[in-house]
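Below: the structure, in structure tokens.
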There are 2 protein chains.
Amino acid sequence: MKNLFKLFLLLLFLQNTAFAQEESATTIKKIYDNAITTHQAYHQLGLLCEKAPGRLIGTPNSFIAVDLMKKYLEDLGADTVFLQAFSSPAWICHSASATMNVNGKEIPLKMDALGPSASTPKKGVNAEIIEVMSLDEVRVLGREKIEGKIVFYNRSMNPTYYNTFRAYSEAVDQRTAGPGVAKEFGAIASITRSVNNNLDDFPHTGTFHAEGDKIPAIAVSTNDAEKLSAALKINPHLKVNIKVDAEDISTNTYNLIADLKGSEKPDEYIVVGGHLDAWHNTQGAHDDGVGCLQSTEVLRMFKDLGLQNKRSIRVILFMDEELYQSGGKAYADFTRENKIKNYFALESDAGGFTPRFFTIGASKEIVSKIQEYQYLLQPYGLEKIIAGGGGVDIGPLKKLGVPLAGYRSDWQRYFDMHHSANDKFENVNFREMQLGSAAMASLIYLIDQFDLAE
Amino acid sequence: MKNLFKLFLLLLFLQNTAFAQEESATTIKKIYDNAITTHQAYHQLGLLCEKAPGRLIGTPNSFIAVDLMKKYLEDLGADTVFLQAFSSPAWICHSASATMNVNGKEIPLKMDALGPSASTPKKGVNAEIIEVMSLDEVRVLGREKIEGKIVFYNRSMNPTYYNTFRAYSEAVDQRTAGPGVAKEFGAIASITRSVNNNLDDFPHTGTFHAEGDKIPAIAVSTNDAEKLSAALKINPHLKVNIKVDAEDISTNTYNLIADLKGSEKPDEYIVVGGHLDAWHNTQGAHDDGVGCLQSTEVLRMFKDLGLQNKRSIRVILFMDEELYQSGGKAYADFTRENKIKNYFALESDAGGFTPRFFTIGASKEIVSKIQEYQYLLQPYGLEKIIAGGGGVDIGPLKKLGVPLAGYRSDWQRYFDMHHSANDKFENVNFREMQLGSAAMASLIYLIDQFDLAE
């Protein structure tokens with residue numbers, strides 16, 4: 001009799017499990033169907049790119065972007081929309097140009113300032129350049145060879161990696177640490193080859209570490225890096241003139257936050273976000289307009305489809321991922337001060353191409369739990385869920401013990417566009433973007449429904 | 001002692017297997033490294049698109065394309081390059097236009113002729129249109145409602161399918177069979193909504209079955225299909241004028257074939273190909289310039305890397321996949337007549353986007369055998385190998401018992417471009433294309449090395 005009862009309980013459990021699985025599959029199908037037939041977010045991304053390109057922290061366009069998206073989130077019917085204020089240093093680039101002197105002629109280079117580059121005198125800085133392939137090469141050459149010169153970092157991304165983010169991370173020290181190391185040995189400016197896989201004419205900007213004094217620092221397009229290198233081989237005393245007009249400022253700014261109240265645990269928050277800021281030279285379509293709109297899509301679909309989130313869903317459009325990463329830190333501080341429980345956090349900041357996978361930054365147990373549900377996303381091309389990081393904006397929540405996740409789309413095209421004028425709305429494909437929105441909403445649905453982050 | 005010997009043999013076998021696996025992984029890495037650092041095929045694709053767009057069978061550009069690619073294959077150092085001649089009906093489109101009459105004004109429609117549309121009189125055909133959503137709707141309406149009219153097929157692709165090829169195959173009967181069914185019930189012309197997921201201004205052409213007499217048949221862009229439908233709701237007697245100037249011809253043409261001789265079984269051929277022809281309105285970059293150049297890349301890499309193919313590798317650039325599929329049939333006939341043993345055949349004709357999978361059209365045993373090697377392609381994003389078809393050009397080899405395979409890339413963007421002016425070289429990404437070339441070369445390497453097609 002006892003065994004019979006046990007069997008009964010087991011059957012009941014199996015039936016419930018099967019039912020829950022079927023119900024989840026149906027809900028996820030609803031999410032995808034809705035995402036792929038609703039153009040609202042795509043149009044809003046177009047508007048954001050058009051009305052507020054170059055929306056770096058502290059710039060007029062960053063405030064326009066906040067207004068535009070605040071209104072959008074209110075119109076979507078979020079329960080609460082508010083600005084989480086913080087102050088931060090910022091940097092405004094007014095203009096930048098550079099030329100190389102070939103046979104007495106000043107040949108313009110396709111370039112842009114890195115942030116936060118120092119300004120030059122009005123007539124620019126003018127000096128011989130010295131080409132290097134690494135930070136270590138500068139250290140080996142030492143002050144004797146470097147002082148008074150412009151250091152030119154010209155190592156390419158490694159094209160043979162399938163994972164372009166790996167190639168990026170191996171090349172990008174020339175940009176992030178290059179100007180600092182050049183300055184340490186007496187260089188008066190630095191030039192970095194754009195961190196981009198292809199040979200093209202787009203300069204790709206980005207941030208560098210600039211503690212204390214700093215030097216003018218620029219990036220040149222990969223094509224012009226090749227030209228510069230070739231000209232230097234002909235004339236080892238080749239001079240370059242760099243002009244940068246930029247300004248360090250302080251600003252009061254905001255993370256934009258919108259909540260959709262949970263039905264059972266409204267005080268626990270599932271965060272989903274991207275960053276609203278974008279470099280001065282770009283519309284910031286893939287980086288990270290897409291991530292912002294995919295995040296607002298999660299809220300929109302939970303509301304429109306009546307998905308009954310148990311916990312509150314919190315969309316955060318972070319300010320300043322690009323320059324000083326101050327928005328992510330500010331939200332973590334806000335969380336600590338107000339004893340907010342963030343149950344889980346998901347970030348989309350790796351492009352809006354066709355979906356490939358999620359990374360989970362949490363305990364092995366939580367990673368395994370979430371992986372068990374991957375089969376529900378497989379029919380939509382989301383091929384795996386693996387251990388990994390979340391993202392720059394939600395990163396500071398890790399110390400608070402929040403399980404993190406990152407949405408990852410196909411990465412072959414990302415660095416053609418990243419931090420350049422080529423990162424524009426017309427390079428975002430509606431279906432690719434919305435399959436991502438659906439993948440993100442589905443993951444959050446599963447996390448919330450089956451308590452997967454504990 | 002006997003058991004000890006058995007154990008020895010087992011260990012030897014395991015060691016050999018491990019060695020073979022390691023060697024394969026190393027070779028495959030070499031293939032990918034070579035593909036992703038060699039721009040020759042990409043530049044040649046640019047040239048093909050620029051010099052020979054609209055290279056439909058029988059057109060001057062189709063012969064230019066053959067010449068261009070023959071020279072290219074000779075320069076690559078193929079052992080044999082030859083033209084396999086055949087004759088076929090063909091069709092030349094000289095011009096096509098259409099207008100809808102709104103309040104006495106002729107409003108131009110974004111359209112193109114389907115192949116092989118009949119010509120209209122010079123002043124065009126002018127008639128009321130009748131909008132339908134399916135072939136069956138025409139059959140239900142019957143001759144009474146259809147006779148003398150222009151049938152307008154306006155069913156969309158189903159956007160909710162993740163698999164866009166499935167959505168295509170469910171919508172495309174309006175194009176392939178639509179004109180025939182319309183004619184059967186007395187229509188004087190037909191209009192098909194472009195088979196495309198998005199609302200845009202590109203007309204997408206394609207073929208229709210035209211046995212015996214045929215009517216003028218066109219496609220309109222999805223945006224103009226919407227406009228036409230809206231105008232028809234306002235004026236149920238809306239008239240459209242269609243002008244097509246086209247010509248049915250006979251042509252002597254060629255499949256272009258290049259062989260790289262095998263070291264052990266030179267009389268067994270591993271076929272790899274795409275089709276060289278492209279519709280009159282397009283550069284045919286993804287469809288199927290990419291497939292052609294990915295196929296030539298297989299030969300180039302086997303040669304340049306000294307991969308020692310046991311069997312001969314045969315690149316075939318088929319003529320006429322688009323209109324009458326005569327090139328594929330002609331090669332199968334050639335094979336039969338000359339008693340050629342095609343050991344295996346691989347086709348790339350589904351776009352040159354980021355690699356996703358291979359389909360294998362062969363016995364379960366062969367499919368399983370090949371699947372065992374998928375793990376070697378996984379690190380490069382080739383996520384699975386599944387049972388499925390090969391492709392239109394190699395399809396006729398199935399009857400001869402040849403195991404077939406199809407290369408499949410990510411399909412979200414394909415139908416934005418397919419058979420339209422939007423299918424242009426600038427929409428092909430170098431890395432995406434070359435990851436495909438490498439995947440194809442790797443598959444062929446494995447098939448040949450481990451005798452997987454038997």
>> Suppose only helical runs count, i.e. DSSP H with n ≥ 4. What mean residue ellipticity at 222 nm does that imply for the protein assembly as shown under -39500 (n - 2.57) per run, divided by all residues and rounded to the nearest 500 deg cm²/dmol?
In response: -11500 deg cm²/dmol
> Could you name the aspartates and glutamates in cross-link range of residue B:122, using Cα to Cα under 12 Å and dropping any fewer than eight places away on the same chain?
Replying inline: B:245
> Placing a label point 7 Å from Cα toward Cβ, how far apart in nm is residue A:337 from its equivalents in the other copies, listed shortest first to one decimal?
Replying inline: 8.5
> What does the charge count near residue A:62 come to, summing +1 for each Lys or Arg and -1 for each Asp or Glu among other residues with Cβ under 14 Å from its Cβ?
Replying inline: -3
> Mind checking which lysines have their C-alpha under 28 Å from residue A:30, skipping anything on the same chain fewer than 8 residues away?
Replying inline: A:70, A:71, A:261, A:265, A:303, A:310, A:369, A:384, B:384
> When DSSP assigns beta bridges and you keep just the ones with both residues in segment B:96-248, what percent turn out antiparallel, to the nearest 5?
Replying inline: 55
> Taking every DSSP beta bridge that has both residues in chain A, what percent is antiparallel when rounded to the nearest 5?
Replying inline: 55
>> Amide H of residue A:277 versus every other amide H placed in the peptide plane: which residues, excluding those fewer than 5 positions away on the same chain, fall under 5 Å?
In response: A:320, A:321
> So what is the relative contact order of chain A, in percent, for Cα pairs below 8 Å that sit 6 or more residues apart?
Replying inline: 20
> If the cut-off is 17 Å between C-alpha atoms, which aspartates and glutamates fall inside it for residue B:243, apart from same-chain ones fewer than 8 positions away?
Replying inline: B:106, B:112, B:128, B:224
>> Can you list which of the DSSP-assigned H helices in chain B have a Cα extent of 27 Å or more along the long axis and an average Kyte-Doolittle score of at least 0.0?
In response: B:2-35, B:430-449
> Averaged over B:158-164, how many beta carbons belonging to a partner chain fall within 10 Å of each residue's beta carbon?
Replying inline: 5
>> Below 8 Å between Cα atoms, with a sequence gap of 6+, how large is the relative contact order for segment A:98-249 in percent?
In response: 37
> What nm distances, shortest first, do you get from the label point of residue A:37 to those in the other copies when the point sits 7 angstrom along Cα to Cβ?
Replying inline: 5.0
>> Please list 3J(HN,Hα) in residue order for segment B:112-127, calculated via the Karplus relation 6.51 cos²θ - 1.76 cosθ + 1.60 where θ = phi - 60°; whole Hz, with x for glycine and proline.
In response: 8, 6, 7, x, x, 4, 6, 7, 9, x, 4, 7, x, 9, 9, 7
> Inter-copy label distances at residue A:10, 7 Å along the Cα→beta-carbon direction, one decimal in nm, shortest first?
Replying inline: 3.4
> Local charge sum around residue A:186 (other residues, Cβ-Cβ under 10 Å, Lys/Arg +1, Asp/Glu -1)?
Replying inline: +1
> Any idea what diffusion coefficient the protein assembly as shown gets from Stokes-Einstein, in µm²/s, Kirkwood Rh on alpha carbon pairs, 10 °C, 1.306 mPa s?
Replying inline: 52
> Taking the axis that carries chain B onto chain A, what is the nearest Cβ in chain B, and at how many Å, to the whole number?
Replying inline: B:383, 3
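Here, each number is a calculation from the coordinates, and none is a lab measurement. Keep in mind that what you see is a predicted model, and the values were worked out from it rather than measured. Here Cβ is always computed from backbone atoms with ideal geometry, including for glycine, and neighbour counts include all displayed protein chains.
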